Amino acid sequence: MCGIIGILGKSDAVSLMVTALKRLEYRGYDSAGIATVTDGVLGCRRAVGKLVELEATLATAPLQGKAGIGHTRWATHGAPTTANAHPHIAGPVAVVHNGIIENFRPLRDELRAAGAKFTSETDTEVVAQLCAANIAAGMTPQQAVDATLKRLEGAFALAFLFAGHDNLMIAARRGSPLAIGHGDGEMFIGSDALALAPMTNRVTYLEEGDWAVVTRDGAKIYDALGNLANRELRVVNVDSVMIDKGTHRHFMAKEIHEQPSVLAFALSHYLNANRTAVVVPEGDLDFSQFNRIVMVACGTAFYACHVAKYWFEQHARIPVEIDVASEFRYREPPISPRDLVIFVSQSGETADTLAALRYVKDKAGLVVAVINAPESSIAREADLALPIKAGVEVSVASSKAFTCQLAVFAALSILAARQCGKIEASAETALIQKLTQLPRLINEALAQEPAMALIARDLAKARDILFLGRGTMFPLALEGALKLKELSYIHAEGYASGELKHGPIALIDESVPVICFAPVDPLFDKTVSNMQEVMARGGKVLLVTDAEGAERASDGVWKTLILPKIDPFLAPVIYAIPAQMLAYHTAIEKGTDVDQPRNLAKSVTVE
Ligand code: M6R
């Protein structure tokens, strides 16, 4: 997954492209590059690493131009090198690409046989070479792109620039999102509206199979069959102020500390003015119409589904199935009109989740998206899009999006219980009352940051770390392990506490910290028994619990972290704080790149 920008502007496009690419860096940061066309001549600068490296390159070797395309890369085919960085240029054609050209090998062989010289290991270069060969054969740029697109297989978004054409860009979408931005005598292309926000808020989203011929006068959009298509021009509400870290050292720290306020905002969206009932302002959602809920997502969003499964089943007695999106559609699960299928995604652009949504679209009774990015592909393709209201999340490791997803599902589970006749009005009010205490309780948990930072000093010395939890603490253990792995690069695994004795207990020795999430709840004693089994084998346990739990079970443990007392229903939201904080501070101890960990990207737009 990569980020694409294109500008046909009235003044210097290079600095604008760098600004826009910074907004797309969440899609990948292995390399970046820019190509311009000025007086018909293509120029290009590329650099390995983050945008700052490209800025340094541009400072020593400036590039001019009012028209250009730019790219920030998450490597798929070929290592992060300058040669593999986009744009790729062949003859008069410059190309930037997000996605994968699945048939690039036979195309490359064919082009090589015809004399083409390849300079990179990427799948993208075949697009530039093929288009250049078409132009060499006498086609116009538009005809050449049309003919090129017909040869490509895979999921991609592309932007083309041409030598000899200072007022032309061509964009194409098949599987990966792409938006056209409309300015005043200027036109833009971007992977998302956030990238375009500093330039314009008037946006046309290309639909599946569309391609667009863009000049400063506007865009002509063609559908997959080559017919002129009329696509809606929307005015989008994307914050055009550059997102900053405030007083925090990292975006992740800022986003962790924002949780009390964004979660309060999310809750206020889903509660009526008196805070006596859950409401869905976006439209009709009646859980009683369905026999089953199916929830699909990736990574942290999947763990939010995992928690939600407990809530929907316990409160509303509706069976819930959950699956990771990358597996879901390939097992061809039966989906019926009595199924409510919920897709969860912070970015709303995750390719696996989007593909799973398309699989159920004509089969399910209702397709709901629970998303953070309201203008995203997943939001637009679902029947009903429910926002989590977390605000822009920049850090690659998800934090506030997770707790806001949990808050939304906690509220929806209460709504479902009411609609299915499984809860008395008084019990409903009591649960809502508990929900509204979450922002305060998160604040109390955040106050334990110094204790968590101290513990992280020791965790940073470990090679392997295990996380344990029962009930809703099991997905929290999974989330804690994921957060630690991606931020600190320490190997970590999450297990259901009771599962440890079925194999993983063989890993236990005095060098492996075992982090037990154990609020006092009906499962507490069972978790403590599992913890004792670890300690009996020399394992060192970090017990994360409340004051009562510490009183009852701290004997013999390595360390104890005390969180506020919380109703078991809402414990997952509060125990997300140590899951995030321990990973964050361990990463700081290890000196890793907290906001942009190696090998990752914020939005994963390839399968
Ligand atoms: O944007 P999405 O919520 O669809 O992203 C899903 C995962 O890629 C994401 O949660 C990932 O696991 C995060 N890096 C976890 O911190």
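Numbers below:
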| read-out | value |
| --- | --- |
| FRET efficiency estimate (nearest 0.05) - Cβ-Cβ, residue 501 to residue 453, R0 45 angstrom | 0.90 |
| 0 to 90° range, to nearest 10: angle between helix 425-435 axis and the chain longest Cα axis | 70 |
| Net charge over other residues, Cβ less than 15 angstrom from the Cβ of residue 455 (K, R count +1; D, E count -1) | +3 |
| Heavy-atom surface of the range 299-441, accessible at 1.4 Å and reported per residue (Å²) | 33 |
| Cα gyration tensor shape of the range 184-341, rounded if a/c is under 1.5, else prolate or oblate by comparing a/b with b/c | oblate |
| Note, ³J(HN,Hα) from phi for the range 447-463, Karplus 6.51, -1.76, 1.60, rounded to Hz, x at Gly and Pro | 5, 7, 4, x, 5, 5, 5, 5, 4, 4, 4, 7, 4, 4, 7, 7, 9 |
| Probe 1.4 Å, protein heavy atoms only - accessible area per residue of the range 4-162 in square angstrom | 36 |
| Convex hull volume of the chain per residue (C-alpha atoms, cubic angstrom) | 156 |
| Derived scalar couplings ³J(HN,Hα) [the range 399-415; Karplus, 6.51 cos²θ - 1.76 cosθ + 1.60; whole Hz; x for Gly, Pro] | 10, 5, 5, 4, 5, 5, 4, 4, 4, 5, 5, 4, 5, 5, 5, 5, 4 |
| Heavy-atom accessible area per residue - the range 459-551, 1.4 Å, Å² | 36 |
| Within the accessible area of the range 84-237 (1.4 Å probe), percent carbon and sulfur | 47 |
| Inter-part distance where the range 164-215 and the range 561-607 are each reduced to a Cα centre, Å | 35 |
| Net charge contributed by nearby residues that have their C-beta within less than 12 Å of residue 35 (K/R +1, D/E -1) | +2 |
| Distance from the range 339-387 to the range 427-497 (C-alpha centre basis), Å | 27 |
| For the range 330-344, Karplus couplings with θ = phi - 60° (6.51, -1.76, 1.60), whole Hz, Gly/Pro x | 6, 8, 6, x, x, 10, 10, x, 8, 9, 9, 10, 10, 9, 10 |
| Charge sum, other residues only, whose C-beta stays under 12 Å from residue 307's C-beta, Lys/Arg counted +1 and Asp/Glu -1 | -1 |
| The chain: relative contact order as a whole-number percent, Cα under 8 Å and 6+ apart | 12 |
| Theoretical ellipticity at 222 nm over the chain - DSSP helices of four or more residues, -39500 (n - 2.57) apiece, nearest 500 | -10500 deg cm²/dmol |
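The values are calculated or read from the model by the stated rules, or taken from the named source; none is laboratory data. None of these values were measured; they are calculated from a predicted model. Neighbour counts are summed over all protein chains in view; Cβ atoms, including those assigned to glycine, are modelled from backbone coordinates with ideal geometry. Accessible surface areas use protein heavy atoms only, side chains included; no ligands, DNA or RNA. Shrake-Rupley method; radii C 1.70, N 1.55, O 1.52, S 1.80 Å.
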